[in-house]
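Working notes for the structure below.
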Amino acid sequence: MTFKPAHLLVVLLVTAFPAMAAETPLATVNGKAIPASKVEPFLKQALAQGQKDTPQLRAMIKDQLVGTEVLLQAAEKAGFGKSEDVKLQIEMARQQIMIRSLMRAHIEKNPVTDADIKVAYDKWKAQNGDNEYHPYHILVEKEDEAKAIISKLKSGAKFEELAKQSKDTGSAGKGGDLEWVSQANVPPAFGAALATLKKGQFTETPVKTEVGFHIIKLDDVRPLKLPTLDEIKQQIGESLVQEKVQAYQQSLIKSATI
């Protein structure tokens, strides 16, 4: 077969530079081609969500891309591409995408391991303790007020009646009832006091926390049932990822010249 020089040049260019060959468009909207390669990111995402690669799925993605292009062209024609507000939103979106990419790369280099999750679980379990408590309390602002209430309790006053004067309005109307709590759910001093009480006893010295002075009465105690590691493994992992991201951000801020 004989090629004319011009035809031969075209063949040589396409052969030597295949990337320069025109890509068959997925569709053309008002003269603008949508590259077929645009399907791949959407297809990959759909497959990751458990969908199957079918002609119907690809057709749906094509329709979405065409619909998006139609709307985008309409927005450009209406002048929104020149809007300062739109430009600002695009810039903010760009920044967020860049930051997410940075953080994702950091986590990929510094992943949360199963060992990390186990350590965090054991620490959380130790903080909760072995028991769950059902306390009542009366919260006041001053230590002298708390001591006066303790004296009344020792004299036979009813805890539920005195609880009406509690600063904790959420429990005051319920006789001071805090329902069931673990030591991790209350301030350290409060939890430590709970552990020293027996059923029916109340603290004979005021318990100080950041919110004031407490008189605590223990109604009941029972063994604490916590979720297993497998049950909350994902939750702990996500929490640790957030901690790593925050720590990385703080390290960057600390090293920056501000």
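The values are calculated or read from the model by the stated rules, or taken from the named source; none is laboratory data. Quick caveat: nothing in here was measured; it's all calculated off a predicted structure. Note: ideal-geometry Cβ built from the backbone for every residue, glycine included; neighbour counts use all protein chains shown. Only protein heavy atoms, including side chains, enter the accessible area calculation; ligands, DNA and RNA are left aside. Shrake-Rupley method; radii C 1.70, N 1.55, O 1.52, S 1.80 Å.
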Most positive-pole-ward Cα, Ala193, Gln246, Leu139, against dipole of the chain from beta carbon charges
Gln246
Expressed in nm to one decimal, what extension gain is obtained for the pair Thr205 and Ile253 from 0.36 nm per residue of sequence separation less their Cα-Cα distance?
12.7 nm
At R0 = 25 Å, FRET efficiency that the Cβ-Cβ distance of Ala195 and Lys174 yields, to 0.05
0.60
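Roughly how many Å² is the accessible area per residue of the chain, as a whole number, for a 1.4 Å probe?
Normalised by residue count, the accessible surface of the chain is 72 Å².
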Mind putting a number on the dipole of the chain about its Cα centre? Charges go on the C-beta only, +1 for Lys and Arg and -1 for Asp and Glu, and I need it in Debye to the nearest 20.
520
Given a cut-off of 30 Å, name the pairs among Lys32/Lys109; Lys44/Lys254; Lys154/Lys174; Lys154/Lys208; Lys125/Lys208; Lys123/Lys158 whose C-alpha atoms lie farther apart than that in the structure shown.
Lys32/Lys109; Lys44/Lys254; Lys123/Lys158
Solvent-accessible area of His214, probe 1.4 Å, all protein chains present, reported in Å² to the nearest ten, please.
10
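Find the Cα radius of gyration of the chain, compare it with 2.2 N^0.38 Å by division, and give the number to two decimals.
Scaled against compact globular proteins, the figure is 1.83.
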At R0 = 41 Å the Cβ-Cβ FRET efficiency linking Ala27 and Ile232, nearest 0.05, sits at 0.30
SASA check, Asp144, accessible area w/ 1.4 Å probe, all protein chains in place, rounded to nearest 10 Å², comes out at 120
Can you compute the modelled spin-label distance between Gln165 and Leu47, with each label point 7 Å from Cα toward Cβ, in nm?
7.3
Using only Cα atoms and rounding to the nearest 10 degrees, what angle (0 to 90) does helix 143-154 make with the longest principal axis of the chain?
60
D_trans [Stokes-Einstein, Kirkwood Rh over alpha-carbon pairs] for region 106-258, 10 °C, 1.306 mPa s, µm² s⁻¹:
88
Share of carbon and sulfur in the accessible heavy-atom surface of the chain [1.4 Å probe, %]
57
Which of the peptides 190-202, 55-67 is most tightly packed, and how do the rest follow, judged by the mean count of other Cβ atoms within 10 Å per residue?
190-202, 55-67
With a ≥ b ≥ c from the Cα gyration tensor eigenvalues, square-rooted, and the rule rounded for a/c under 1.5, otherwise prolate when a/b > b/c and oblate otherwise, region 193-258 is oblate
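Would you work out the relative contact order for region 118-258, in percent, from Cα pairs under 8 angstrom that are 6 or more residues apart?
Answer for region 118-258 is 31 percent.
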